[in-house]
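The structure under discussion appears below in the form of structure tokens.
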Amino acid sequence: MTDLLQLLVQGIALGAVYGLVALGFVVIYKATEVINFAHGELLLLGAYLVYALRIEAGLPFFAAVPVAIALMVAVGWGIERSVLRRMVGRPTFAVVMITIGLAIVLRQLVTAVAGYDDRNIGDPWGASTASLGDVQVNVVSLVTVAVVAALVAAFFAFFRGTSAGVAMRAAALDQEAALAVGIPVRSVSAWSWMIAAAAATVGGVFLASFPATLQPGLGFVAFRAFPAAIVGGLDSPSGAIAGGLLIGLTEVLVQGYQPQYAPWLGNNVHVVAAYVLMILVLMVRPYGLFGTREVERV
Amino acid sequence: MSRPEGLRTSYAQELALLRHRTDKLWLGLLAVAAVATPFILDDFWLSVLTFTAIASIGAIGLNLLTGFTGQVSLGHAFFVGVGAYSAGYLGGNLGLPVVVWLPAAGLLGALLGLAVGPFALRLRGLYLAIVTLGLVFLGEYLFVNVRAVTGGPQGRAIPSPKIGDLNFADLGPALGLELSREQSFFLFVVPLLAIAAAFARNVVRSRPGRAFQAIRDREIAAAVIGVDLARYKVAAFALSSFYAATSGALLGSYLRHVTPANFDLTLSIQFVAMVIIGGAGTVYGSILGAFFIVLIPRVVEQLSPVIPFVSQTATGAGLTVFTLNQLIFGALIIVFLIAEPTGLAGIWARLRLYFRTWPFSY
């Protein structure tokens, strides 16, 4: 029973990070109908910026993170302006391939500067644990869940309460109609990239925290978070969180119980399990659990 | 008076595989060049061209699916891997000749493609792309874990293409010539590429190909004029997977040894890049794209000693050959998509038009 609780807590912590990553996909998808394959590399870049500011420049952690976020917002804006803006009106898949190209370039730039060494990002929580009853929890996990919850609340407030958020929702719904009522649709796309880059920085910090370390492989987490975004529905922020938790729990539970109950399945089943779950969900609901069904008009 | 080459004067001509007498002439010259090539070029260039030919077969397959039918797939590497491991199992473990294992590998790929095809009926656009992405991860898992066939993470040997005593990787004795492995393999794969390209052209210009393109351009309109969406989408997946698996079987045989890492997402992305850089929706564009993608890393490798700031070691920070290759690869995808969406085939078509209409070209 304690085992199960322990796994559930781990699963929720992992799921919260996946949810945060998936939220980055959703923000860009909602505004531009594109899945950003470079999101993992934005995470990587954000985490390395925090590392550089914290360790190399010696800033305190809670100063390094906001500065890194500000820098990443500029990066997001720059990418949108220089590359994505030129792809407006082109087939979706062409734009997706552009983000794949961006991912490759960003990854190589990061490794060319930072190399392949494992690094410690210098977060204040380290390896400390807290106990909830019989269950041992990393403090980082608790902080992760709390921060993700706060960020999601901020997202909802932004989308519902601010005029920028409402403009983004309008542009996502119908670009032409949004233009007609005077919404600056172009800057909406830039906004979505800036928000995604900021979220990626926060996600990157938690991904690189204990028990993980900061290394270039971190960028591949985006591929683990794809199923989360898809299961929840690509255009649903609440779906991203639900999908993240579902995928996180699935991975951790499969990882925890498969060696014991189904050892013949071999290694790395938990990675495949997330994708299998995703395919099963899609077979029943082709637009994810919370996604909007696309209405086809002739 | 001779007509300008681009002008078509009948529907029969529009549908014809070779539209003009000059086409036949060029094709003849190309065939002669292909036979002469292994005796002119050195092994470095022959290996580039052999890799190109093998990759072209896979790229043509992906182009039939993505370029002609409009179905996005990031799972091409999975089918390529299936082809390679089938070749290894059928040719190595069972000792079958190449005339059996090569088509059998293709058919196995096609069968798996048939199984994946139905997803394309229910899912659209990016949802489909992510499902096919899942195939790559599923493939990596299977290739590592089904050890009896794949040899696990260390990989397995793939046999040379042989029929009885005739070994296509060493054609020297059969032809009574001194031939290296590169020369032999080139002579083996180029005819196969010719068959694959001709077949693809035939598919594209006939009924199924027209159906594919109708689906790509407007799915609902295609359904309205009587295209059976389910049938043709699944057929496109099966056909594309057949090409991929054939290409994989040849690749494995040429490499002699494959590991699961050969068939990761990078390979899928390379195939998509071949289609984009070559030109989506053209068969010869796939070949141009394959050549480009195969050539670049080899050239960078050759030039790396003279490029400043490039270190020769593979570890640590700094600009390594691998990093530089990847940077160029990523940048090329971005540049082509922004500046030249019709790819190399588009550049080629413009050049032809320029010289054909010279001196009145605009």
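Summary of computed values
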read-out	value
Output for the stretch B:273-293, where each listed residue is surrounded by fewer than 24 Cβ atoms within 10 Å (Cβ to Cβ) and either within 20 Å of B:G83 (Cα to Cα) or not aliphatic (A, V, I, L, M) (or both)	B:G281, B:Y284, B:F291, B:F292
Residue match in the stretch A:58-72 (condition: in a helix (DSSP H, G or I), within 14 Å of chain B (Cβ to nearest Cβ) and out of contact with any helix residue (DSSP H, G or I) (no Cβ under 9 Å at 6 or more places or on another chain))	no
All positions within the stretch B:336-346 that are part of a helix (DSSP H, G or I), more than 20 Å from the chain's Cα centre (by Cα) and surrounded by 15 or more Cβ atoms within 10 Å (Cβ to Cβ)	B:I338
B:L126 facing chain A (nearest Cβ under 8 Å) and buried (at least 18 other Cβ atoms within 10 Å of the Cβ)	yes
Flag if A:L49 is surrounded by fewer than 24 Cβ atoms within 10 Å (Cβ to Cβ) and away from every other protein chain (no Cβ under 11 Å)	yes
Scope the stretch A:88-105; condition within 8 Å of chain B (Cβ to nearest Cβ) and farther than 15 Å from B:L126 by Cβ; matching residues	A:G101, A:L102, A:A103, A:I104, A:V105
Identity of the residue in the stretch B:129-148, surrounded by fewer than 16 Cβ atoms within 10 Å (Cβ to Cβ) and either of a type outside the set (D, E, K, R) or in contact (Cβ under 8 Å) with a residue 12 or more places away in the chain (or both), that ends up nearest to the other protein chains (Cβ to nearest Cβ)	B:V146
Residue list for the stretch B:68-97, restricted to those being surrounded by fewer than 24 Cβ atoms within 10 Å (Cβ to Cβ) and in a helix (DSSP H, G or I)	B:Y89, B:L90, B:G92, B:N93
Any chance A:P286 is within 14 Å of another protein chain (Cβ to nearest Cβ) and either closer than 29 Å to A:N120 by Cβ or modelled with pLDDT of 80 or more (or both)	yes
Residue check, B:P191 in contact with an Asp or Glu (Cβ under 6 Å, 6 or more places away or on another chain) and of a type outside the set (K, R)	no
Any hit, the stretch B:195-202, residues being in a loop (DSSP other than H, G, I, E, B) and away from chain A (no Cβ under 14 Å)	no
Residue within the stretch B:155-162 that is more than 24 Å from the chain's Cα centre (by Cα) and either farther than 19 Å from B:H76 by Cβ or modelled with pLDDT under 90 (or both) present	no
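The values are calculated or read from the model by the stated rules, or taken from the named source; none is laboratory data. These numbers were taken from a predicted model, which means no experiment stands behind them. Note that we place each Cβ from the backbone using ideal geometry, even for glycine, and neighbour counts take in every protein chain shown.
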